[in-house]
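Every number here is computed from the coordinates shown, using simple stated rules; none is lab data. Just so you know, these numbers come straight off a predicted model, no measurement behind them. Note that each Cβ is placed from the backbone with ideal geometry, even for glycine, and that neighbours are counted across all protein chains shown.
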Amino acid sequence: MKLVFMSKSRRILLIIVVIIATVQIVKAQTNKDQGFEILKNLDIYSTMMKELNTNYVDDIKPGELTKTGIDAMLGSLDPYTNFIPESEIEDYRFITTGEYGGIGALIHQNGDYVVISEPYEGSPAQKNDLRAGDRIIEINGQSALKKTYSDVSAILKGQAGTSITMKILRDGEQKTIEKTIPREIIKIENIPYTCALPNNIGYIKLNSFTQRAGEEVRQAFLKLKEKNELKGIIIDIRGNGGGLLNEAVEITNIFVEKGQEVVTTKGKLADKNHTYKTLNSPVDLTIPLIILVDRQSASASEILSGALQDLDRGVIVGQQTFGKGLVQNVVPLSFNSQVKITVAKYYIPSGRCIQAIDYSHKNKEGLFGKIPDSLLTSYKTKNGRIVYEGRGIKPDIHTSPLLFSNIALSLYSKYLIFDYATLYRIQHPTLSPADVFEVTDTLFNDFVKFISDKKYDYKTRTEEALEVLRKDAEKEKYFSAIKGEYDALKAQMSNDKKSDLEKHKDQLKELLKLEIVTRYYYQKGKVAAGLKNDKDIAEALRIMGDQTLYTAILAGTYKPPMGKDDKNAADDSDDDTDLN
């Protein structure tokens, strides 16, 4: 036998070739196994549907069953991978374009009625004098009573150029009112309001990142600069759930150099890996910039705020953001349906991904959990400040979230504040400017009188704890011994609740002001009215007024006073209004 000796380099090359060949074989086998699993389960599904159709005691609805199965399957992945049937294509298109065909109004459900929440300024609804508080009782000859707002929304939306005939009930009117309202292309504004705040600080409220959001912010900023000697700019993206990634890049570009990397997407497939850079010359590289964020600021909002933070171009003020670092693509399916699939994660300039929830693993309870703190990686901003992945965007300056009292939540959710504003609008045809109007004590007392015969009971956390105590004490046979003290404590709680209207008077006044102003000045007026008592705005103006502080924050040398760094911001909740 002849021994063959190879050089070290040749042996290494041979090992590499063997490894590559092995990987390809394993990959081919894996793909083969994966393909077989898919075909096998599709066959199981089709035969099951056939047997159900043949043997089930009642007639089945294949379309509904399939939709239920698809939704359950996708629900096991993440909340953003969704099936879009043909009937919902227009709703999805609205998310990306901000446009839809309809009459231009928000609606909500209140008992048996679907009620107009707010007509959009300049919309067919507003131009035809449809008002907040109007109760819809008939559409195109069909009763709308006991219909859900989803059902009514589907009827109100439609192709531009068509029209609907509707009958409404309006407080203060004895007869029903009939209106024929044309449908038009309704464009929801990305920017509902801009203004100059004290000390020549510009303010831009950005509600969404639909098409042209970047250009709209640019134009808004230029107009503010033209009319004012701006000393700084505040961009408010609180409550902004995001939208188009490229619009976030364009807005970033207004304040940073051309050619700057803003966000990178990385997925399983090579064609999902992209780096997005600024393409245009900036508008202003030096003006002080503050971005306002909260728990509902997500996705594109986090790209914008995160990129500006990583580049040390602006100060982030507010509460920790939502933490959505996932990218979706829409893929066409058969029969005009589509599926929105999470295809990548995005990474901002420091290299961090801000995705908060790990959807690839479930905990012992079968739920998705946040990435453990021990696994979080730290990164550095351009100036060397430490930032972390996996928790959304942590503001440079934390502010306390607005927490509503139980009585405010009850009055709001039961539409009593809404109903009082409707009555006020009937009794007062005009109102002072939105940024001037305030709820006086006389007006507030009138509101208290209005709700005096209305039901708005609510349970405090203390009352809920008392109820748990009573049940536990009864089970353990101790309740009879503490019944006297329990009844006395419960009675005291009841008396304290009676004073809640006075205790939370300032908060209720603010809610009343915003609801009333919206009746006259719509969305713009609501934003303008809310600025005066906005604590986040006040904090932003404080920082803007202290250039040393602003510079120290971006340099990483600022240390917040004890107790001022509110790291435990509470979550906000969504409302259930719908667009039409």
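Okay, here's what the table says:
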{"item": "Hz values of 3J(HN,Hα) by residue in the range 395-406 - Karplus curve (6.51, -1.76, 1.60), Gly and Pro given as x", "result": "x, 5, 10, 7, 10, 6, x, 6, 10, 8, 6, 4"}
{"item": "Two-site FRET efficiency, residue 269 against residue 552, from Cβ-Cβ distance with R₀ of 41 Å, rounded to 0.05", "result": "0.40"}
{"item": "Dipole moment magnitude, nearest 20 debye, the range 406-555 about Cα centre, only Lys, Arg, Asp, Glu C-beta charged", "result": "380 debye"}
{"item": "Point-charge dipole on Cβ atoms (K/R +1, D/E -1) for the range 386-479, about Cα centre, debye to 20", "result": "320 debye"}
{"item": "Dipole axis of the range 41-184 (+1 Lys, Arg; -1 Asp, Glu on Cβ), positive-most option in 154, 74, 111", "result": "111"}
{"item": "Cα-based Lys proximity count in the range 406-473, under 20 Å, for pairs eight or more positions apart or on separate chains", "result": "5"}
{"item": "Where Rh is the Kirkwood radius over Cα pairs, Rg/Rh for the range 99-187", "result": "0.92"}
{"item": "Relative contact order of the range 99-187, defined on C-alpha pairs under 8 angstrom at six or more residues apart (%)", "result": "34 percent"}
{"item": "Crossing angle, helix 479-498 versus the chain [Cα axis fit, 0-90 degrees, rounded to tens]", "result": "70 degrees"}
{"item": "Whichever lysines have a C-alpha closer than 23 Å to that of residue 223, once near sequence neighbours (fewer than 8 apart) are set aside", "result": "187, 205, 231, 258, 524, 526, 532"}
{"item": "Anisotropy class of the range 343-487 from Cα gyration tensor, a/c 1.5 cut", "result": "oblate"}
{"item": "GluC sites (Glu not before Pro) within the range 350-440: DSSP coil, no more than 16 neighbouring Cβ in 10 Å", "result": "365, 438"}
{"item": "Charge dipole (debye, nearest 20) of the chain; +1 at Cβ of Lys and Arg, -1 at Cβ of Asp and Glu", "result": "1900 debye"}
{"item": "Part-to-part distance (alpha-carbon centres) for the range 124-169 and the range 258-288, which is given in Å", "result": "44 Å"}
{"item": "Share antiparallel - DSSP beta bridges, the range 286-422, percent rounded to 5", "result": "70 percent"}
{"item": "Computed lengthening from residue 86 to residue 148, 0.36 nm per intervening residue step minus Cα-Cα distance", "result": "20.2 nm"}
{"item": "For the range 131-147, Karplus couplings with θ = phi - 60° (6.51, -1.76, 1.60), whole Hz, Gly/Pro x", "result": "10, 4, x, 5, 9, 7, 10, 7, 10, 6, x, 9, 4, 9, 5, 6, 7"}
{"item": "Of all DSSP beta bridges in the chain, antiparallel share, percent nearest 5", "result": "75 percent"}
{"item": "Vicinal HN-Hα couplings computed from phi for the range 382-387 (Karplus, 6.51 cos²θ - 1.76 cosθ + 1.60; Hz; Gly/Pro x)", "result": "4, 8, x, 6, 7, 10"}
{"item": "Projected area averaged over orientations for the range 332-424, convex hull of C-alpha atoms, nm²", "result": "13.2 nm²"}
{"item": "Full-stretch length increase - residue 427, residue 382 - with 0.36 nm per residue and alpha-carbon distance subtracted", "result": "10.5 nm"}
{"item": "Under-5 Å amide H pairs with residue 201, H placed in peptide plane, nonlocal only", "result": "231"}
{"item": "Net length gained if the chain between residue 199 and residue 68 were fully extended (0.36 nm per residue, minus Cα distance)", "result": "41.6 nm"}
{"item": "For the range 220-303: rounded, prolate or oblate by the Cα gyration tensor [a/c cutoff 1.5]", "result": "oblate"}
{"item": "Rounded Å value of the spacing that divides the Cα centres of the range 419-455 and the range 339-354", "result": "47 Å"}
{"item": "The range 406-555 shape via C-alpha gyration tensor axes, a/c threshold 1.5", "result": "oblate"}
{"item": "Options 47, 440, 548, ranked by Cα towards positive dipole end of the chain, top entry (Cβ charges)", "result": "548"}
{"item": "Amide hydrogen neighbours beyond the local backbone of residue 327, cut-off 5 Å, H modeled", "result": "343, 344, 345, 346"}
{"item": "Helix-only CD estimate at 222 nm, as mean residue ellipticity for the chain, using -39500 (n - 2.57) per DSSP H run (n ≥ 4)", "result": "-13000 deg cm²/dmol"}
{"item": "Relative contact order computed over the range 251-342 (Cα-Cα under 8 Å; 6+ residues apart), in percent", "result": "24 percent"}
{"item": "The chain, relative contact order [Cα under 8 Å, separation at least 6], %", "result": "13 percent"}
{"item": "Eligible aspartates and glutamates near residue 67 by straight Cα distance, threshold 13 Å, same-chain separation 8 or greater", "result": "86, 88"}
{"item": "Cα-based equivalent ellipsoid, the chain: semi-axes from gyration tensor eigenvalues, Å", "result": "45, 35, 30"}
{"item": "Listed residue (120, 269, 484) projecting farthest to the positive dipole end of the chain, Cβ model", "result": "269"}
